[in-house]
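To keep things clear, I will list the structure first and then write my remarks on it.
The values are calculated or read from the model by the stated rules, or taken from the named source; none is laboratory data. Keep in mind it's a predicted model, so treat the numbers as computed, not measured. Note that we place each Cβ from the backbone using ideal geometry, even for glycine, and neighbour counts take in every protein chain shown.
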Amino acid sequence: ATMPPLLSAIANAGRHGVLVKSAVVMERLGRIDAVALDKTGTLTEGTPRVVDVRPLPGRGLDEDELLSLAAAAEHPSEHPLARAVVDAARERGLDLPAAEDFTSAPGVGVRAVVRGRTVEVGAPDRLLAESDAAFAAPARELEGSGRTAVLVLVDGGPAGVLGIADRLRPDAAATVAALSVLTGTAPTLLTGDNPRAAAHLAAEAGIEDVRAGLLPQDKLGAVREWEGAGRRVMVVGDGVNDAPALAAAHIGVAMGRAGSDIALETADAVIVRDELAAVPATVALSRRARALVV
Ligand code: ADP
Ligand code: MG
């Protein structure tokens, strides 16, 4: 028997490295008219590297001590930034003390007890109170050059800042352009990262519409808002922080290689090989299959 067009399209998508979970999803993919892309791990390679280690004066920690405490606290986390911090510590040959009472807050950071001290690592804007604004200066400086600044608090007080750099995926700009043509609308960047680093990266990817500093529920809110206005949104993301938005979207697509388990389970389709350009290719496959189904 000849395969029904939607099943052939699923097989074809597989050849592009995209796992489409059902024929219903394959059919729906071609109907999207808006796209929201996550930044870290989606538009970027998701293998960020620590490029600055800056202890704050007067806290008694040197670079290695700061990095070692931060890495110990980050060790249980699956966030790409956490892996960058752990790798940087290992590259310096630092030992990672055990972390106890680990907790993580998506879009914020992590907290753990290391050598009897409470260590928090995460977004400066989320961890610092307004009154701590003075401590934000080194973070602002790093962000101004397109880096993600990660703040380290020890026993509640700012102890240092790490500067992390991540590369745009080589096919990001082409993907943004292709999705604009396919949907007739320019994609939006939804990110938990700070507005300065986000703007830097969006410009490189050719994205004008940027929403930064978002918590997972804010990403969800943006998708609900568009869906409520009658848009059919495709969300592409990789993180725990993207899961609610992936679930609410007309189509949720997860990055497979480094994506979190919850994102992979929630998504309607998974990019198994690491190519973002497979997304517009799959939308086009759906359009062709639907033309044949009618
Ligand atoms: P994105 O939406 O770009 O994928 P996330 O929502 O995952 O970003 O993270 C948003 C911000 O929260 C990060 O830029 C970082 O400042 C902070 N953050 C979240 N998790 C961690 C972590 N494990 N370590 C350090 N910072 C974190
Ligand atoms: Mg992400």
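Some observations on this one:
- Lone unmet requirement of (1) more than 13 Å from ligand 1 (Cβ to nearest atom); (2) crowded, with 16+ Cβ neighbours inside 10 Å; (3) in a helix (DSSP H, G or I) for residue 222: (1)
- Scanning the range 121-142 for residues that are among the polar types (S, T, N, Q) and outside any helix (DSSP H, G or I) turns up nothing.
- Note on the range 236-262: among residues that are part of a helix (DSSP H, G or I) and among the β-branched types (Val, Ile, Thr), the one that is farthest from ligand 2 (Cβ to nearest atom) is 262.
- Residue list for the range 112-144, filter: among the hydroxyl-bearing types (Ser, Thr, Tyr) and in contact (Cβ under 8 Å) with a residue 12 or more places away in the chain: 118
- Selection from the range 24-81 of residues that are surrounded by 18 or more Cβ atoms within 10 Å (Cβ to Cβ), more than 16 Å from ligand 1 (Cβ to nearest atom) and in a helix (DSSP H, G or I): 25, 26, 28, 29
- If you go through the range 71-108 and pick out every residue that is within 16 Å of ligand 2 (Cβ to nearest atom), more than 15 Å from residue 50 (Cβ to Cβ) and either modelled with pLDDT of 95 or more or among the polar types (S, T, N, Q) (or both), you end up with 1.
- Residues that are crowded, with 22+ Cβ neighbours inside 10 Å, outside any helix (DSSP H, G or I) and not hydrophobic (A, V, I, L, M, F, W, C) within the range 263-287 comprise just one, 268.
- Residue ID - nearest to ligand 1 (Cβ to nearest atom), chosen from residues in the range 160-188 that are buried (at least 24 other Cβ atoms within 10 Å of the Cβ) and assigned to a strand (DSSP E or B): 162
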